[in-house]
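Notes follow once the structure below has been shown.
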Amino acid sequence: MIATTRARAIRSALFGSYLFRVNPLGTETAEMRAQWRAILKEQYDAIARSAALVQGTDPQRVVPDWVCDWIGQHGSENPKAVASFVQMRDLTHAVTLAADADDVRQLRDALSVHLRVGRGGFFECVTGFCDGLWAKLDVNRHEEVERASAAGDAISKTLMRLEQIGKHVRLVSLNASVEAARVGDAGRGLGVIAVEFKTLAEEIQMLATTARTEIATMAGEKNNSNVATSTKNLPLMSVTAHQTQ
């Protein structure tokens, strides 16, 4: 949405010019001019929404709040870019009003300012703003990967310690069984304890193995998800599609 503001601004100037200039092929029908005004209004609505998004809000309440907050934070760090979006919104609105009023002089003046601002750095401003969002996304993804890696290492160490405990418990269970057999009837109680220790050791080993398998599966799904997300829309990137129009 935000990246398409460049194309929206161009279309606004284009259809505004259609309504202003004399058609060398003849006079357009009222229906055609009404259609052009509708297209112009559509461009204005999209530009106005982009101007709101860079300030952290979505008038249509489609973009999740956390995404709006993230974009708004980036906007607060780039006030000149936000001002450019707002200015283009207002200029496009002026063109739309002049077209609706069918005021040739007003439309000419509005188009003149609109074109001057568009060519004067607005398109580069939109590109820079979107590039900044993508750069932040890459940094955030890198930080998340590092945190996940650190958490994975910690879990692996815990599982390794758990497996060591399981082996030790199993060894204690074996020693207890040998001792119970050696003393005969007097060691029956010890034999029961040895069996319980053996069961506990096996359960610990099974839990550790299952946990390692689940972690490996989750890691594989996470990697696949990252690949898919990089080629698709974030609640954030569906809003800020990285386009160069």
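The values are calculated or read from the model by the stated rules, or taken from the named source; none is laboratory data. Values in this document were obtained by computation on a predicted structure and should not be read as measured data. Cβ coordinates were reconstructed from backbone atoms using ideal geometry, including for glycine residues, and neighbour counts include every protein chain displayed. Ligands, DNA and RNA are excluded from the accessible area calculation, which covers all protein heavy atoms including side chains. Shrake-Rupley method; radii C 1.70, N 1.55, O 1.52, S 1.80 Å.
Structure notes:
- For region 77-134, taking the reciprocal of the average inverse distance between every pair of different Cα atoms yields a Kirkwood hydrodynamic radius of 12.2 Å.
- Of the residues 83, 52, 64, the one whose Cα sits farthest toward the positive end of the charge dipole of region 43-119, with +1 on the Cβ of Lys and Arg and -1 on the Cβ of Asp and Glu, is 83.
- Residue separation of residue 113 and residue 136 scaled by 0.36 nm, minus their Cα-Cα distance, works out to 5.0 nm of gained length.
- Per residue, the solvent-accessible area of region 116-201 (1.4 Å probe, heavy atoms of protein chains only, all protein chains present) comes to 67 Å².
- Legend: residues 212, 182, 108, sorted from most to least accessible area (1.4 Å probe; ligands, DNA and RNA excluded), read 182, 108, 212.
- Assigned charges on the beta-carbon of Lys, Arg, Asp, Glu; region 147-190 dipole about Cα centre (debye): 140 debye
- FRET E, pair residue 160, residue 193, Förster distance 35 Å, beta-carbon r, rounded to 0.05: 0.85
- In straight-distance terms, cross-link reach from residue 80 covers every one of the aspartates and glutamates whose alpha-carbon lies under 19 Å from its own, apart from those fewer than eight places away in the same chain; here that gives 69, 90, 124, 131.
- Apportionment of accessible area to carbon and sulfur, region 38-166, percent (1.4 Å): 55 percent
- Extension gain for the segment residue 42 to residue 215, taken as residue separation times 0.36 nm less the Cα-Cα distance, is 57.4 nm to one decimal.
- With kT/(6 pi eta Rh) evaluated at 10 °C and eta = 1.306 mPa s, and Rh the Kirkwood radius from Cα pairs, region 1-111 diffuses with a coefficient of 107 µm²/s according to Stokes-Einstein.
- Mean accessible surface per residue for region 1-99, computed with a 1.4 Å probe while every protein chain stays in place, in Å²: 51 Å²
- Point-charge dipole on Cβ atoms (K/R +1, D/E -1) for region 32-146, about Cα centre, debye to 20: 660 debye
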